[in-house]
Amino acid sequence: MHAPIPEDYFQARHQFRLAAHEHGAEIRSYPVQVRGPNNEELTIDAAIIGSATPDNTLIVSSGLHGVEGFLGSALQAQALTRRMFKPRSATDRTVLIHALNPYGFAHLRRVNEDNVDLNRNYGSDSATDNNCEFQYEKLNAFLNPGNPPSRIRNTLFPIEAYRMIRRYGLPMLKQVIAEGQFQFPNGLFFGGTALCQATRIVQSHLADWVAGAGHVLHLDIHTGLGKHGELKLLLDNRYTTVVHKGLKTLFPAVTVDRHDSSGGAYQAKGTFAQWCEKQREDQSYIFVCAEFGTYNSLRILQALRNENHIHHWGTASASMLYRAKRHLRDCFCPNSERWRSHTVATGLSLLDCASSA
Ligand SMILES: [Zn+2]
């Protein structure tokens, strides 16, 4: 039997709220002004445990990339059920934030209702920065085909991808993906031209969630990037080696990679991590992205392109869209007992270590 990963957003939210309630957590729900596939209300939910005036706050968030939310949600609910966040001292606080992009989670999209990658939507300077547009423009026809979706077109993806890699090189393809773009609203990796509602909700409540704690550790759970079933923690290069070493000590069984989003070959703009870090000058807010690998990046890109193409074309059949969405879900939460039980076990160990920090 599969590890208990929810079937859809609604089951995920139900499990999360139930586990939070049974734990005695305070639950806060923040509705977004957009509906589910059957006109249901969609919410970002927070479960708060422990001190109202903490020294240390642990934040665990899930679902910033919508359809990536299945594993993160399961980990939050299961960790609650196992009482992992029971405060060890009177000054500890834990805040679990469920489904940062509830639309994408419910509709099986990686983006929100405006086709925005919310992890490129957190900076007001994003839309005016055009560093990447020239490069993205070159790839636009490949990433966002201008002819009707068809099974043949999708089958040809590996050949097209191979041509693009030969022409521009894999680093450039990866760069465009990592960077985001602000010019093509229906294109992949669009960062939006203004702050989205889900982003505004998080920005206006983060201070309440943190509650003035001197130290914050924030784990933001994602799936997709990396080797199948492997967990990696990604820390921005701007953190000192002391922070990096501290994380390696806290999570001895996990690789903690520093990644360069400020001085390397590309500059990702408007990420959630950057915005959280900016709230403190002294690095007392440590933001770590926890990535669980699923499949190779070209396979994921193909699934993203296909779903985005069908979603925007408008004339595709319902069954074609359904298949594309199911496939996308499987890309970010593989339908494999081995992957699921392994990542759930690894993820629960991670949260156990984090809660003892
Ligand atoms: Zn992600």
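The values are calculated or read from the model by the stated rules, or taken from the named source; none is laboratory data. Note that this is a predicted model, so its numbers are computed, not measured. Using ideal geometry, Cβ is built from the backbone for each residue, glycine included, and neighbour counts are taken over all protein chains shown. Each accessible area value is taken on the protein alone, full model and side chains, heavy atoms only, with ligands, DNA and RNA left out. Shrake-Rupley method; radii C 1.70, N 1.55, O 1.52, S 1.80 Å.
Which value, in debye to the nearest 20, gives the size of the charge dipole of the chain about its Cα centre, when Lys and Arg are +1 and Asp and Glu are -1 at the Cβ?
960 debye
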With only helices counted (DSSP H, runs n ≥ 4, each -39500 (n - 2.57)), the per-residue ellipticity at 222 nm for the chain, to the nearest 500, works out to -13000 deg cm²/dmol
For the chain, longest principal axis from Cα atoms; helix 318-332 axis from its Cα atoms; angle between them, nearest 10 degrees, is 50 degrees
Excluding ligands, DNA and RNA, the carbon-plus-sulfur percentage of the accessible area of the chain with a 1.4 Å probe reads 52 percent
Regression test value, accessible area per residue of the chain, probe 1.4 Å, units Å², expected 43 Å²
Ranking E40, E179, E281 from most to least accessible area with a 1.4 Å probe gives E281, E40, E179
In nm, the gap between the two label points placed 7 Å beyond Cα toward Cβ at K248 and N38 is 5.1 nm
The chain: antiparallel bridges as % of DSSP beta bridges, rounded to 5, reads 40 percent
For V95, the accessible surface traced by a 1.4 Å probe with all protein chains present amounts, in square angstrom to the nearest 10, to 0 Å²
Ignoring ligands and nucleic acids, T193 exposes an accessible area, probe 1.4 Å, in Å² to the nearest 10, of 110 Å²
To the nearest 0.05, the calculated FRET efficiency linking E337 and D282 through their beta-carbon distance, R0 being 56 Å, is 0.80
SASA check, E160, accessible area w/ 1.4 Å probe, all protein chains in place, rounded to nearest 10 Å², comes out at 30 Å²
In terms of the alpha carbon gyration tensor, root eigenvalues a ≥ b ≥ c, rounded if a/c is under 1.5 and otherwise prolate when a/b exceeds b/c or oblate, region 158-261 is oblate
Region 24-98 and region 305-329 have their Cα centres apart by a whole-number Å value of 30 Å
Straight-line reach check, K232, cutoff 28 Å on alpha carbons, 8 or more apart in-chain or any other chain, hits among lysines -> K86, K174, K245, K248, K269, K278, K325
So the angle from the long Cα axis of helix 241-250 to the longest Cα principal axis of the chain, reported in degrees to the nearest 10, equals 70 degrees
